[in-house]
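Right, one structure below, let's go through it.
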Amino acid sequence: MIKLSTILAEAKLKMNIPSDIKKIYKAFRKSGKQLYVVGGAVRDAILGKSPKDFDLATNAKPDEVIAIAKKNKLKAVDVGGKSFGVVVVNGHEVATFRKDIGKGRRPSAVDYTDIKGDVMRRDLTINALFYDIGKGNIVDLVGGIADLKKRKIRTVGSADRRFSEDPLRRLRAVRFAGSVGGKMDKKTWESLVKNSDISAISGERI
């Protein structure tokens, strides 16, 4: 369970959850594990858009995810569970709450953590929102709901640190400022101006 003292904001949201994800959720709850929709799907639902992809996050470790899937006759594919904490269940990525060790899109290793630790590794507050399927609540530990309402683009924690971890985040910040029709947080913008080099990003990513 998440302590209420750690929740910055909690808001009801009616999200249309596909039946196959509901099935996965019930399997995890039956096994005593948490399962949340996270990231872009939550952001898009708040903006009134229909989410296309549903990323899921859990406190179950990869071996436990595979065991839960097997027990409930769900198809599980390990696509880097040991290295990156991700298992695909019935076509949906289920990522264990984690902290990345190392920099870049592919960290050198991961360390498993709780939901708060997982939130703090993410790039922007509007992408760090979790949806509790059972309660129909958005769980917000970093002010992402308020930022989304204001159309404000702000990093989770230190902008300098987030951008140094992965230069692609600099482009993502600019892209989201355009896609949500918003403005950049002052400190986030100052960090972008100061650290504007994107030469390390591959052409495909750009």
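The values are calculated or read from the model by the stated rules, or taken from the named source; none is laboratory data. Since the model is a prediction, treat every value here as computed from it, not as a measurement. Every residue, glycine as well, gets a Cβ built from its backbone with ideal geometry; the counts of neighbours run over all protein chains shown. For accessibility, only protein heavy atoms count, side chains too; no ligands or nucleic acids. Shrake-Rupley method; radii C 1.70, N 1.55, O 1.52, S 1.80 Å.
Per the conditions (1) at pLDDT below 95; (2) within 17 Å of V119 (Cβ to Cβ); (3) open to solvent by less than 90 Å² (accessible area, probe 1.4 Å), the sole criterion not satisfied by L4 is (3). Looking only at residues in segment 142-167 that are part of a loop (DSSP other than H, G, I, E, B) and buried (at least 22 other Cβ atoms within 10 Å of the Cβ), the one that is modelled with the highest pLDDT is R154.
Where residues in segment 51-95 are acidic (D, E) and in contact with an Asp or Glu (Cβ under 8 Å, 6 or more places away or on another chain), which of them is least open to solvent (accessible area, probe 1.4 Å)? Break it down stepwise before answering.
Our first condition is that a residue be acidic (D, E); within segment 51-95, this holds for 53, 55, 63-64, 78, 93.
Narrowing further to those that are in contact with an Asp or Glu (Cβ under 8 Å, 6 or more places away or on another chain): 55, 93.
On the way: D55: 75, E93: 95 Å².
Looking at the filtered set, the residue picked out is D55.
Identify all residues within segment 147-158 that are over 17 Å from the mean Cα position of the chain (by Cα) and small (G, A, S); write none if there are none. Correct list: S158 only. Residues of segment 173-206 that are of a type in the set (A, V, I, L, M, F, W, C) and either part of a loop (DSSP other than H, G, I, E, B) or touching a residue at least 24 places away in the same chain (Cβ under 8 Å) (or both): A173, F176, A177, V180, M184, L192, I198, A200, I201, I206.
Taken across segment 16-26, residues that are within 14 Å of L148 (Cβ to Cβ), surrounded by 12 or more Cβ atoms within 10 Å (Cβ to Cβ) and at pLDDT below 95 do not occur at all. Residues in segment 159-172 that are in contact (Cβ under 8 Å) with a residue 12 or more places away in the chain and not acidic (D, E): A159, R162, F163, S164, P167, L168, R169, R170, L171, R172.
Farther than 25 Å from K26 by Cβ and at pLDDT below 80: which single residue out of G117, G102 fits that description?
Numbers: G117 fails: at pLDDT below 80.
Exactly one of G117, G102 is farther than 25 Å from K26 by Cβ and at pLDDT below 80, namely G102.
Only residues that are of a type in the set (A, V, I, L, M) and touching a helix residue (DSSP H, G or I) at 6+ places or on another chain (Cβ under 8 Å): list them for segment 115-151, please. Let's see the steps before the verdict.
Taking segment 115-151 first, the residues of a type in the set (A, V, I, L, M) are 115, 119-120, 124, 126, 128-129, 133, 138-139, 141-142, 145-146, 148.
Listed by number, the residues that qualify are L124, I126, A128, L129, I133, I138, V139, L141, V142, I145, L148.
R170 meets the conditions (1) touching a Phe, Trp or Tyr at 6+ places or on another chain (Cβ under 8 Å); (2) open to solvent by less than 30 Å² (accessible area, probe 1.4 Å); (3) in a helix (DSSP H, G or I) in every case but one. The failed one is (2).
D111 fulfils the conditions (1) touching a strand residue (DSSP E or B) at 6+ places or on another chain (Cβ under 8 Å); (2) open to solvent by 40 Å² or more (accessible area, probe 1.4 Å); (3) modelled with pLDDT of 95 or more except for a single criterion, (3).
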